[in-house]
Structure formats: structure tokens, C-alpha cells
Amino acid sequence: MRRFRRHPGAWVGSAIVLTLVLAAAFAPLLADRPPTQQDLRARLRPPSAEQPFGTDEFGRSVFSRVLHGARLSLATGLLPVAAALVLGSTIGLVAGFFRGRLDAVLMRAMDVLLAFPSLLLALAVVGTLGPGVVNAVIAIAIVDVPQYARLVRSVVLGAREEEYVQAARALGAGDGRLMWRHVAPNAVGPIVVQATLGIGFAILAIAGLSFLGLGVQPPVSDWGEMLARGRRYLPDATWLMIFPGLAVSLTVLGFNLLGDALRDALDPKA
Amino acid sequence: MRNVFVALAILLGASLAAGQTLTTAIGANPPTLDPQLTFNGFSFHVTNQVYETLVRVTPEGDVVPGLAVDWRYPDPTTLRLTLREGVTFHDGSPFDADAVVASLGRILDPATAAPGRFVLSAIQEVRAVDAATVEIVTDPPFAPLLSHLAHPVAAIVPAALADTLARSPVGTGPFAFVRWVDGSEVVLAANAAYWGGAPAIDQVVVRIIPEVSTQIVELRSGGVDMIFNVPPDNFLTLQADPAITTGAIDGWSSTHLIMNVASPKLADLRVRQALAHAIDKALIAEEMLRGLAKPGVAPIPGTVRYAVELEEPYPYDAEGARALLAEAGVSDLRLRLDLYQNPDLEAVAQVLQFAFDEIGVDLEIRVQDFSAYTQAVQSDDMELAMTGWGTVTLDADYTLYAFFHSGEIPGNNRSRWADPEIDALLQRGRDEPVDAVRAEVYAQVQAAAVDALPMVTLYYPRFTFAKRPAVQGEAIAFSWILLDLRGATLAD
Amino acid sequence: MLRYALGRLIGTLPVLFGVTLLVFLMAWVTPGDPVVAMLGEASQGISRQALEDLRGELGLDRPLPVQYVGYVAGLLRGDLGDSVRSRRPVLAEIRDRLPATIELALAALAIAVALGVTLGVLAAVRQRTWVDGAAIAVALVGVSIPVFWSGFLLMMVFALELGWLPASGRGTWQHLVLPAVTVGVSSAAFIARITRGAVLEALAQDYVRTAKAKGLAPRRVVVRHALRNALLPIVTVVGLQLGGLLGGAVLTETVFAWPGVGRLLVDAIVARDLPLVQGSVLVVALLFILVNLAVDLSYAAINPKVRYG
């Protein structure tokens, strides 16, 4: 933990993520008006004292929309990671602990998923289920599952040979108890690192799908969707691209810095 | 050093030999270059340079000779066309009555599974009278037939090459196909043997550039000479740019909010009137679309034959709208609006969402791909739908029959408005090829449709384009797919 | 070596089977009617009977297991079906687009490796100084910025403002620069990290210490010994990075109108052209498997230590 605290990336990353969470939580208080409020007579106004981020093609406040976009981006970043983490870890735990044929089948299935480049697999899922934010979240979750499964399995394979696990087994501890009490805790560190970096990837990927028109659909809006619409007003209304783009980049950078610092702190070699 | 000069000379020679190249940009790769196998504007933009139809429609809306030079009706069910003589396809094969019979026969053959077959499905028979005369039989009579023959799907193709046209098109048009680099560009070269004289432009390159903003960057930096369907905000910026020439033309398009009158939520006329009153069409046309659309009333724009000018019976009036809803005893109205992926429609849908919110109506917007959208609007629980529409034949029948004939429920008549009198009027408009009769019939249908309010016609978008001033002499009528480059030149 | 290669090849077979099965199964779960999708707005004017006829013609009315057998049999013959929209063979559509994507991926890879290795070596040599921090920060910023944003920024600056490079399309090497930089920068971070780790490890090894003790200049030590040792892990990473590159290419192709498979796939998804979606996904996945296999084998050839299993 001390190493983590000494890491400059840890500080910057934490600050960014904390700001993001606060922005998401207090968006309605910080913004002067709702993100959906239109004013067609004040369209595409550049940033000013009144509208710090300018207005979009409906005369809506870009500032308010970027703030409120933090909520959706956080949600669409966290959800697939949480789902993949639970599912992948379970698969990895089961495969690593029981080994044998079950292990082989599960890991071959993971290999199949890993055979696709991640964004391509996400596109294939969305191409199959159809566009939309729910399907996009499902897609990213599926993409992430094998990473956790492999990670957890390798930790479990190492841990189950450890003396204290052997000892617990000799003392008559059941499989389930062994897995959760003695083996699983070993996987927590690597998983936290993976998940932190995973949130960054998920936010980036969902924004990418939204950018292609396959993620979040119009009445709802995230930063990716804002960028997708904003690009239509280039090269004139640059503020429509700059602020949501900065928001995505900073957010993803925050999670990447945090994950990176965690990895350094947990990895004695670096 | 000498090598450099040789290289320069070769380069110079090559550029001289290449002559004038006009580069246009379109937003997507055409799915095919066989006009009979598609209903896609990106395809038509290219196929209309390579192939030709029997007749053409002028910017004034008149039907003029194309591959046919003259025509008349010997009887109401038979159209006899005299063909242009001495015309050949780009591969040298002759264009004659047999070619017309084979070409129209191919699109009408169900085995071809032509998406645009419905445009010509009124045709019973096509027969060659002699080498330069064909007769087209429709029974019952079909008054708008000539307009339909001008449709891009009715282009005359060499049927013998049916299997290869999709990738290497061969037509009679001013430009012949050179190559198609998939997803990148289509290259065409002037047809020196064109019956109307070889075009001044030697080469046309149609580049495929999906992003509008990229298209604009290319136009400004000289990579592209001409772009089409410029979004209003970008259009205004380009208009202010002295290095760019812009144009906005009244088109054949209209944008509609369709209301399912069979839905329990929308059966009450007062509810539909309330929704109509909630929409500030002028605000949408002037502010959202920057004056590049006209507020609509009649279901067809003024460019279409037999369109009528109508007074707006439902001006913007939020107060009145709320009163109408109260009068109808409706509160907490929640409606779903279906539309397909299209940035312009999606934007207007969001404006409607906010406008309906002002009168206490909650609008859910459901954007889907085209096939899912089509299924959704054909199912009985459809409530509202928004669609862009083009009266491609420029004849009122094309749109009014599709929108309002009860036989078109739910395929095209998504409002499910069924009225035997309207059906009778629409049939009469098809049966009697007499201008005065048709004008009267379609005026009645349009007025009735505005009263009964199965749909709100939101606006008629204007067709926009932007070009480098060097491009001169091109003709565009109604839509980018009808771009006519036969008289075009490049000044520099 | 031969045994290892053979084993590795056989190990790929179940994955290949799984991939084809998964791709075929896409047809099971997909909503919407591909026939209506093909006709687009024209489906409005067509009769139900005509729709059914067309469905039969496309083989979409057969039971799914029969369709699967047909699908696999077709795959073995190199037949991926026909695109619903263009009616061309899917393989032909993909073959037309694949060179562009490979060109972009290779150029981006070159940039990613050059940038990643430079940053990684810098960071390792100046470990725990501001240079280390800055190098890693630059790499992290690169991976955090969405390519569909940085691409537009680059285009605005270098094509529109400065006019140095073409804004879009494919043709000369100038066309390649902006998209390749966009994708390459986004992939450099991982390579930088691996390089830094590998160089650090190599620097800590005895023979490098010896070389230092012998009085060789530190820079030459790094170049001669450490980097050569660090090459192996870098080569491995490159194979894995190709997945990220291909993903970045999908988005970048849209921004720069680059006529590759990524753009084809996105268009196919929007048009619900299922055979084309399946085909593009399958081909790219196969390519990815092949590259990783090749990387594995070359890795084994260079370093005998990995031939354990």
C-alpha cells in the first residue's frame, strides 16, 4: 500500500476517478439546466460565460450533458466489468480447482472467445443482437469474461498446491469452503488490477460502439453518442467534439493510471 | 538529372492524357451497380451516369425524350414508344426494341427478385413492334406510366450481360464504367460514342467517404469537387466560404409524422390535432434546418405534379393543444415513435420529444435498423412513426396511393386510414390519363388527408449540394441521384 | 520443434471449430428479417408471397441444422455465402477489402513498435526518474484517447489547417499516415510497458552487470545486451496487439474513409447483412488465430526454453 501511495499515477488517477464520481453524483446540482432542455433559437453557440461548454444543435447545454454523461459512462463502464468479473472468476475458479475434463472444456471455450480481437467480438455480438446500450454492455461483458477466467484459473492452479491449502484439505475442508476461504483470496489482487483497467477499456469500447451508432441510442446520450453527433458539425462547432472527447479521454486515463499504479504496487518486480 | 526531366515529361503527358477529372463524394459504397437489383440511392447516383431510361424528367417536371424519342397512346392501355436509332451499349452491342423488351422483361421477371419491381409492376406486356418501336401494355390503364419509366430502376440494361452488370456495369449513358475499388471509389470515363455527343469531362471519380465532415474537409482542400446532401449547419458555413459554391433546390422529398388512427390512443381526431398543434413547423424549418426546408402541409411537396398549396390548419399553439387533450379526456399520454437510423430524422424526433413534453405527452423514441423498423410499423401496436419519403416519379399517384389507399395497409399506409371514397378517387387518378381529371382527384385527396389528419407533414427538405466553382454546367433536378454531367465542364 | 509445431496446430483445431460454430450461431439469435433488410424501402411495395419466394431462394427457410451443415461444407470450399445486399460472394467482398486493412494494421504496428520500444527503453534506462514517469504517462495517454477522437483532431490539424496530408481515402503513402498514426499511438502503451519490464530485467542480469563492470558505456550495454534480450517478450506482445490494432482499425477506417474490412463490417451490421457480418468476423478471427500461431511458433524457434509442452 505504501508503494501505491508513493506512485504519482495513483494520485492523479484517484483524483480523476473521484472527480468523475462526484460529477456523476451531483450533476443535477452542478448544471444550470436539465441536459434535455432545448432552445432551438440558441443553437450551436460557442462557449461563453453563460454556457461554459457552448450549446449543441438543439440549443442544449453541453456542460450539463457532459456532466450527466458521466453517469451513463460510469454505469456502462462498471456493469460489463462487474458481470464479466463474476462470471469469469467463477469459471476460472471452477476450472482451476476441479481441473480435468471440465477445465479443458471451459478453457477451450475461453480460447474460442479469445480468438476474436476484442472490439471485433463486441461488434459481432452487437451485430447479432442488434444495436442498443443493453446489447453493447452484454457485448463488452462477453469480451471480458475469458480474461478473468484465465487469470483466476492460473492463480488457483498455483494456490491449490500451497501447503496451507493441502493442510486444510487434510483437515477435511470441503471443496466449496476450500475454494472460497483459501484459494479465492489469492486472486483478489490481480483481479482488482484487471478490473480497474477493464473499466477504462469498457468505457472506451462502449463510446466506440456509440460512435458507430451501435451503442447508446439517441434519446439517451453518452459521450460516445455526443461525439458521433458532434462530428457532423466539424469543422465549425469544435466545442461539440472537444468537451465530450476530453471527458472520455480523462476518464479512461484516470482508470488506466489507477490500474497501472495498482499493478506496480502489487507486482514486486517492477 | 535527365531522368528527372524524362519523369516530368511522362507525368505531364499522363496528366494531359487524363484530361479533366471530376471527383464527387458519396457517403457509402454502392451495394451494386446493376440498377435493376437495387433500390439504393448510392447505387443510383452511379448507375444514372452509366445507364439511361427511356424517358427523363426535367427540373420543371416535364417528361422529355431519353432513349425513346417519341410516344403516344393508341388506346388507354397501350403506350407506343419510338426508340432512338443508332445507339449502342458501351460494349458495342446495339440498343433496339429487342433490348428494351429483354431489359424490362428481366426486371419484371419474379426470378430476378428486383427490389424495384413494384415501380413497373403495372406492366402486363412489353412487345417489339419493329426494331425501333415498342409497345407497353397496362390493363387496367395506368396513367402515371411514363413517370415510372423515368425511374432509375427502369434503366435499359443489356440483358445478355445480366450476370456481370452488378460489378461491371454496361449501359448506353454518357459515361462508361472503368473500375470500382470497393469501398473507395468508382471511376467512369466519357463515352466518346454517346448519342448526345461525348461529355466535356473525361473522367468521373465517385469517391466513397462516409463522414460528412470528412467530405467537407476534402471539398475545401481540393480532394473532391462536389458533395451532396450537405447538412444545413455545414451548408451555411460552406455558403459563407468564397472558395465554394453552394446550391439548394426544392426536391421531391417530404418528412412525415405518421399517426396510427387504428391505435386506441390516437383514434380520437382531437388527440391527433393536439399533437399537430404542439409542433412548431416554422421553428423546425427555420432554426433546426436553417431555412433549408419548407414547412409542410399537403402530403406532397410543390415540385410534384398535382400537388396543392394548402393553408396550415394546425398552427403552433401549445395552449390549444393542451385544451384539445383535456377536451378529449386524455391525460398522462405516453406515445412511442418509431424511426430508422438516420441522423436528420433522429434530430427532428428529439425536437418532437421536447415539443410533446411541453403539452404533457411523453414520447419514447425507438430507433432501429430499417428492417426492424419496417416490422415495427407494420405491426398493429405501432403508434407514431417518422419517415422521410421521396416522390421519385414526381407524380402525385406514387405517394398518395401508397399513403392513403386502404389496399396499402399496413405495407405503405401505416396510418391505417381507410376511406372508400378516397380509394375510389385514387383509382380514378390511375384510370384516367386526363390532366384535368387527375388534378381534381388529387386535390380532393390532399385536402381530405389534411382534414382527417392521419399524418402530419412536417416539412419538405431542400436538396443541397456544394462544389468548387470550377465545376460548371452540371444539371441537378430534385435529387443528387439525378445529377446530369453531360454538359459539365471544369474551368481550371 | 516439429512436434511442438504439430501439437500447437492440433491445439488450434478445437478453437477453429468453436469459432465457426459461434459465427454460425449468430444467425440463430439475430432478430429482424434479412430479406426485408435486403430490399430496404422497396420491401414496402412487395407482396408476402414474393418475400417468401425470395427467402426460399436464399435458403433461409431450411431447418437450421441443415443450414449449418451447408455452412460448414461451404466454408471448406471457400464459400462464405452471398452478401444479402450486394448479392456478391462474401469472400469476394472481403478479399477486396482485406489488403487495405492489412496495410493499415502493419503500418500502425510499425508505429506502435517504434514508439512503444523507444518509450519503454527510455523509461527503463532512467528508471524511477521523471523520464520514466513521463514516458509511461505518454504511453498511457495514447491508449486512453479514443481513436475516433484523436483521428478527427489529427485530421483537423494536418489536413485542414496545415494541408500537409490528405484528409481521407486510400492511395498514396500520404493517405496512410494519419490513420496509421492514430491507430499506432493507441497501441504503443502495452509495448512500452513490456519493453520497460524486459529491459529492466535484462539490465539486472549478471552478464550485463559484468559488461558494465568491464567499463562499457551504459548506452551500448543497453543496446547490445538488454534490448536483444527484451526482443522475445516484445515479439509475443506484437501478436496480441494485433487484436487491438484490428479493433482500432474498425473505428479509424470509419473516420478516414479507409476502405477496409472494419468499415465493411460496420456497414454490414447497420444493413443487417448477416452473411457479410458472419464472413467478416470469421475471416478476421481466422487471421488473428493464424498470426498468433505464427508468433508462437517463431517464438519457440528462437527460444528453445518454451518447448515444454
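The values are calculated or read from the model by the stated rules, or taken from the named source; none is laboratory data. In this text, all values refer to a predicted model and were calculated from it rather than measured experimentally. We place every Cβ from the backbone using ideal geometry, glycine too, and count neighbours over all the protein chains shown.
Output the residue which, of all residues in the range B:48-63 that are modelled with pLDDT of 95 or more and within 15 Å of B:His148 (Cβ to Cβ), is farthest from the chain's Cα centre (by Cα).
My answer is B:Leu54.
Across the range C:137-171, which residue is surrounded by the fewest Cβ atoms within 10 Å (Cβ to Cβ) among those that are closer than 21 Å to A:Leu240 by Cα and aromatic (Phe, Trp, Tyr)?
Per the stated criteria, the residue is C:Phe158.
Among the residues of the range A:90-128, how many are modelled with pLDDT under 90 and polar (S, T, N, Q)?
Matching residues across the range A:90-128 total 2.
Working only within the range B:258-305, note down all residues that are at pLDDT 95 or above and among the hydroxyl-bearing types (Ser, Thr, Tyr).
Within the range B:258-305, just B:Ser263 meets the criteria.
Would you pick out the residues in the range B:72-87 that are farther than 16 Å from B:Ile123 by Cα and in a loop (DSSP other than H, G, I, E, B)?
B:Arg84, B:Glu85, B:Gly86, B:Val87
For A:Val216, which of the numbered conditions (1) surrounded by 24 or more Cβ atoms within 10 Å (Cβ to Cβ); (2) more than 20 Å from C:Ala249 (Cα to Cα); (3) more than 14 Å from chain B (Cβ to nearest Cβ) fails to hold?
It is condition (3) that A:Val216 fails.
Scanning for something within 11 Å of another protein chain (Cβ to nearest Cβ) and under 22 Å from the mean Cα position of the chain (by Cα), does the range C:80-92 turn up at least one residue?
For the range C:80-92, residues within 11 Å of another protein chain (Cβ to nearest Cβ) and under 22 Å from the mean Cα position of the chain (by Cα): present.
Among the residues of the range B:313-332, is any at pLDDT 95 or above and β-branched (Val, Ile, Thr)?
There is no residue in the range B:313-332 that is at pLDDT 95 or above and β-branched (Val, Ile, Thr).
Which one is modelled with the highest pLDDT among residues in the range B:217-230 that are more than 23 Å from B:Pro174 (Cβ to Cβ), in contact with a Ser or Thr (Cβ under 8 Å, 6 or more places away or on another chain) and within 14 Å of chain A (Cβ to nearest Cβ)? Walk me through how you get there before you give the answer.
Our first condition is that a residue be more than 23 Å from B:Pro174 (Cβ to Cβ); within the range B:217-230, this holds for B:217-223, B:230.
If we keep only those that are in contact with a Ser or Thr (Cβ under 8 Å, 6 or more places away or on another chain) too, we end up with B:217-218, B:223, B:230.
Right, trim to within 14 Å of chain A (Cβ to nearest Cβ) and you get B:217-218, B:230.
Details: B:Val217: 85, B:Glu218: 90, B:Val230: 93.
Within the range B:217-230, the match that is modelled with the highest pLDDT is B:Val230.
Return the residue satisfying two criteria in turn: it lies in the range A:238-249 and is within 8 Å of another protein chain (Cβ to nearest Cβ) and either touching a Pro at 6+ places or on another chain (Cβ under 6 Å) or more than 26 Å from B:Asp233 (Cα to Cα) (or both), and of such residues it is surrounded by the most Cβ atoms within 10 Å (Cβ to Cβ).
The initial filter retains those residues of the range A:238-249 that are within 8 Å of another protein chain (Cβ to nearest Cβ), namely A:238, A:241, A:245, A:248-249.
Add one more test, that the residue is either touching a Pro at 6+ places or on another chain (Cβ under 6 Å) or more than 26 Å from B:Asp233 (Cα to Cα) (or both), and what stays is A:248-249.
Working: A:Val248: 28, A:Ser249: 19.
That would be A:Val248.
Inside the range B:48-67, can you point out the residues that are more than 18 Å from B:Thr82 (Cα to Cα), in contact with a strand residue (DSSP E or B) (Cβ under 8 Å, 6 or more places away or on another chain) and surrounded by fewer than 19 Cβ atoms within 10 Å (Cβ to Cβ)?
B:Thr58, B:Pro59, B:Gly61
When only residues in the range A:124-175 that are buried (at least 16 other Cβ atoms within 10 Å of the Cβ) and either in a loop (DSSP other than H, G, I, E, B) or on the phi > 0 side of the Ramachandran plot (or both) count, which is farthest from the other protein chains (Cβ to nearest Cβ)?
Looking only at the range A:124-175, we keep the residues that are buried (at least 16 other Cβ atoms within 10 Å of the Cβ), and these are A:124-133, A:135-153, A:155-157, A:159-160, A:165, A:168.
So of that shortlist, the ones also either in a loop (DSSP other than H, G, I, E, B) or on the phi > 0 side of the Ramachandran plot (or both) come out as A:130-132, A:160.
Working: A:Gly130: 6, A:Pro131: 7, A:Gly132: 9, A:Arg160: 19 Å.
Top of the filtered list is A:Arg160.
Yes or no, residue by residue, for (1) touching a residue at least 60 places away in the same chain (Cβ under 8 Å); (2) buried (at least 21 other Cβ atoms within 10 Å of the Cβ); (3) within 14 Å of another protein chain (Cβ to nearest Cβ); (4) touching a strand residue (DSSP E or B) at 6+ places or on another chain (Cβ under 6 Å):
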{"position": "B:Ala159", "(1), (2), (3), (4)": "yes, no, no, no"}
{"position": "B:Thr172", "(1), (2), (3), (4)": "yes, yes, no, no"}
{"position": "B:Ala176", "(1), (2), (3), (4)": "yes, yes, no, yes"}
{"position": "B:Val181", "(1), (2), (3), (4)": "no, no, yes, no"}
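Can you tell me which residue in the range B:196-216 is nearest to C:Gly262 (Cα to Cα), limited to those that are in contact with a strand residue (DSSP E or B) (Cβ under 9 Å, 6 or more places away or on another chain) and away from chain C (no Cβ under 14 Å)?
B:Val204
Residue check, A:Val192 against (1) aliphatic (A, V, I, L, M); (2) touching a Ser or Thr at 6+ places or on another chain (Cβ under 9 Å); (3) closer than 21 Å to A:Thr76 by Cβ; (4) in contact (Cβ under 8 Å) with a residue 60 or more places away in the chain, all met but one. Which one?
All conditions pass for A:Val192, except number (2).
When both residues are 6+ apart or on different chains and their Cβ atoms are under 7 Å apart, which pairs have a first residue that lies in the range C:151-170 and is in contact (Cβ under 8 Å) with a residue 40 or more places away in the chain and more than 7 Å from chain B (Cβ to nearest Cβ), and a second that is surrounded by fewer than 24 Cβ atoms within 10 Å (Cβ to Cβ) and in a loop (DSSP other than H, G, I, E, B)?
Close Cβ pairs satisfying both conditions: C:Phe152/A:Leu234.
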